[in-house]
Amino acid sequence: AMLPVWVGLHLALSPTPVGELLFFVLLAPVGFVVDSLAIKFGLFTMADGTAWAPMWLVAMWILLGLTYESMLSWRRKTWLLLLLGGLTGPLSYVWCEAVNLLTYTRPLYLTLSFHAVLWALLTPALFWLRDLSLMAVRPRATSQPVANLLAALERELREPMDGDPKVP
């Protein structure tokens with residue numbers, strides 16, 4: 001119920017509200033697909049038996065997206081993102097299990113290990129998605145957001161990643 005208030009406040013205070021909004025618009029279907037696949041493949045089951053990620057779970061992804069502005073200094077430290085994602089990503093789902101909203105498949109140590117690896121990989125990818133969203137709305141020769149997003153993706157793919165050798 002408070003999601004629109006928090007998103008609105010975040011966008012009002014953001015130096016790049018259009019890019020942030022684009023990030024949230026992209027983040028919602030990503031969260032829906034990732035959690036729906038987790039349900040489909042039996043990582044966890046929803047208490048109400050639904051086969052798709054419920055909207056409240058998708059809303060948690062958007063709330064997660066609100067925190068990325070405060071973690072900007074970490075986005076270039078891939079090892080830290082992998083570690084923090086692997087540790088903190090599954091914690092919200094553990095809380096959901098504690099309040100009987102979902103149930104992890106047993107054995108729990110195996111399921112949580114898989115979920116930790118999934119979130120370790122997702123966290124840097126979501127920072128990358130945010131960076132692309134912000135780059136897509138920067139003023140360019142074209143005012144087309146989709147063209148800008150594709151141009152930003154092309155630039156990002158050409159740049160070496162952390163630890164990659166620099167090519168002259």
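The values are calculated or read from the model by the stated rules, or taken from the named source; none is laboratory data. Owing to the predicted nature of the structure, the values given are computational and were not obtained by experimental measurement. With ideal geometry, Cβ positions are generated from the backbone for all residues, glycine too; neighbour counts draw on all protein chains shown. In case anyone asks, the SASA skips ligands and DNA or RNA and just uses the protein heavy atoms, side chains included. Shrake-Rupley method; radii C 1.70, N 1.55, O 1.52, S 1.80 Å.
Figures for the structure shown
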| read-out | value |
| --- | --- |
| Failed item, numbered, when VAL25 is tested on (1) among the aliphatic types (A, V, I, L, M); (2) over 30 Å from ASN148 (Cα atoms); (3) free of Cβ contacts under 8 Å to residues at least 12 places away in the same chain; (4) part of a helix (DSSP H, G or I) | (2) |
| Residue satisfying condition, being surrounded by 15 or more Cβ atoms within 10 Å (Cβ to Cβ), assigned to a helix (DSSP H, G or I) and at pLDDT 75 or above, within set LEU134, LEU110 | LEU134 |
| Residues within region 50-80 that are under 26 Å from TYR109 (Cβ atoms), touching a Lys or Arg at 6+ places or on another chain (Cβ under 8 Å) and open to solvent by less than 50 Å² (accessible area, probe 1.4 Å), tallied | 0 |
| Subset of region 41-66 [within 22 Å of VAL7 (Cα to Cα) and either at pLDDT below 90 or touching a Ser or Thr at 6+ places or on another chain (Cβ under 7 Å) (or both)] | ALA53, MET60 |
| Every residue from region 81-104 that is open to solvent by less than 70 Å² (accessible area, probe 1.4 Å), of a type in the set (Ser, Thr, Tyr) and modelled with pLDDT under 95 | SER92 |
